Amino acid sequence: MKGGITNNEQQFYLNGANLSGILSVNGGYTVNYSAINTIGVGYNKQVMAQVPNGQVTVSKYLLYNEPFLNYTGEKADKTASSLAGSIHYNNRCIGFTKGYLTSFSLSCSVGEVPKTSASIQVFGDFGKGLSNSGNAPRPYVSVPQIKDISLTCNGSTTNRITSFDYQINCPKKPIYALQNAPASGPTGPSGPTNQISYIPVEVLAEMPIEINASVNMDIDDYQVTTIYDQITSDTDVSFAVNIKGTLLADQIAAVGNNILSTPAGPIGLGKVNNPPTIFSASLSNMKLVSQEFSSTTDQFLSVKLGYKGYLIN
């Protein structure tokens, strides 16, 4: 019986860089066929009804500057930036070369390492043998601590925040063009495959970009506003999040003048340097769109605040 592929035998590459902290990679593609019915015959054949596309979701710990944030908006020419990725195992790989970020989310809670999730839509070829591995340097690893996470929103200065979620919705729109038909020979699914027909001539970012955020906090002095006050005031509120990572530097452990070591070499210690910022977002045009309070016998009185805003780019 053959053995399975364990998690330590898998690597995920994004644009040639081997990413650390990956929790899961899920993906696949769909080819949509529809039946053709003709008068006098009925069912005739199946034909491809839509251009095939794939989907990939990557979940990971937030341990370094988030690479997926570079693909939320649009370039100077108003087109969206593409990314390439592949997962490698046992000298094999599954990959894609034209992926576009459609959503990104960040989740933080007390006592846990922040997690991110990126949803990617793939246009073009997708599957085995499409390697995107390379020698790009692996990002440094810096684990955020509770003291390194700061959040600014309604009531954040006097009420204890226990968790929050932040999501960027950035859907993409593919533009296809008709290709010249071959001079002779069969066409359609039974004929030679014209891969160019399945690749969009350009992909556009649908603007504006929607931002959603929610905050859970234990109530001290926060007061839930009434629906009437909320809809009549219609004021913009600010929302900001900043996360730093604890960066460790190698240092040799010693007692007096004696270096502590094992057969494998000297024992290393971690020395905390100035923590770098690995995630930062600030918006001043957010709307408070929901307020939900919760009261139970074994928990503090708490409230969940929901925000929505938009980015032009």
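The values are calculated or read from the model by the stated rules, or taken from the named source; none is laboratory data. Worth saying up front: this structure is predicted, and the values here are computed from it rather than measured. Using ideal geometry, Cβ is built from the backbone for each residue, glycine included, and neighbour counts are taken over all protein chains shown.
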Based on this model, can you work out whether residue 107 counts as under 26 Å from residue 276 (Cβ atoms), surrounded by fewer than 19 Cβ atoms within 10 Å (Cβ to Cβ) and in the same structural domain as residue 23 (by TED's automatic domain parsing)? yes
State yes or no: is residue 151 surrounded by fewer than 19 Cβ atoms within 10 Å (Cβ to Cβ) and in the same structural domain as residue 216 (by TED's automatic domain parsing)? yes
With the first residue restricted to the range 220-237 and required to be over 16 Å from residue 286 (Cβ atoms), and the second required to be surrounded by 10 or more Cβ atoms within 10 Å (Cβ to Cβ) and hydroxyl-bearing (Ser, Thr, Tyr), Cβ contacts under 6 Å at 6 or more apart or on different chains are 220/158; 221/158
For residue 70, work out the one condition from (1) in contact (Cβ under 8 Å) with a residue 24 or more places away in the chain; (2) under 21 Å from residue 278 (Cβ atoms) it doesn't fulfil. (1)
Out of the range 37-86, which residues are surrounded by 11 or more Cβ atoms within 10 Å (Cβ to Cβ), farther than 30 Å from residue 141 by Cα and hydroxyl-bearing (Ser, Thr, Tyr)? 79
Does the range 207-231 hold any residues that are loosely packed, with under 13 Cβ neighbours inside 10 Å and in contact with a Cys (Cβ under 6 Å, 6 or more places away or on another chain), and which are they? none
Flagged in the range 239-251 as touching a strand residue (DSSP E or B) at 6+ places or on another chain (Cβ under 7 Å), farther than 18 Å from residue 108 by Cβ and either modelled with pLDDT of 90 or more or surrounded by 16 or more Cβ atoms within 10 Å (Cβ to Cβ) (or both), in numbering order, are 248
Here, strands (runs of 3 or more DSSP E) confined to the range 252-313 with at least 3 residues that are modelled with pLDDT of 55 or more are 277-294, 302-311
Residue tally, condition without any contact (Cβ under 8 Å) to a residue 12 or more places away in the chain and either farther than 19 Å from residue 160 by Cβ or crowded, with 17+ Cβ neighbours inside 10 Å (or both), over the range 281-296: 0
